[in-house]
């Protein structure tokens, strides 16, 4: 009789230990697969996968706007300056010669040093994605957008 009580207690301890191990594994797996939050540029409001990243994309050409979209935005503070990475994706099957530059805004929505940001060339091939990187010109920047324009074919034909 003493032996059966002992084996029950050992079985219960084993089941309890197994339950704890399995529960811990589920918790660890759940945490390992979750991505860290992406901030919208202000550093305070997290963006989730469903957020509209295209609010950061400025295009004044309807045809070009249909061919491009932003799939992801990441931002952080780097020595007090806003640093951003955004994933620009082409829906177009042909190559495109483009230019882009970042516009930087303070917390009230005013443009900061707009003339100092130069245009950068961008060759985007069919259905390609690329990461655009930008670093704010000063610590007063709290948000941004990226302006993309097409280089007319006549400008790069010889």
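Only the coordinates and a few stated rules stand behind these numbers; no lab work does. The structure presented is a predicted model; accordingly, all values stated were derived computationally and were not measured. Reconstructed Cβ throughout: ideal geometry from the backbone, glycine too, with neighbour counts over all protein chains shown.
Below, the figures for the structure above:
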read-out: Whole-angstrom gap from the range 71-88 to the range 101-158, using each part's C-alpha centre; value: 13
read-out: Cβ-based exposure ranking for 81, 98, in which fewest neighbours within 10 Å come first; value: 81, 98
read-out: The range 40-156: Cα Rg divided by the 2.2 N^0.38 Å rule of thumb; value: 1.07
read-out: Cβ crowding within 10 Å averaged over residues, with 84-95, 107-118 ranked highest first; value: 84-95, 107-118
read-out: Computed over the range 40-156: relative contact order in percent, which uses C-alpha pairs under 8 Å that are six or more apart; value: 33
read-out: FRET efficiency, residue 94 to residue 74 (Cβ-Cβ, R0 35 Å, nearest 0.05); value: 0.80
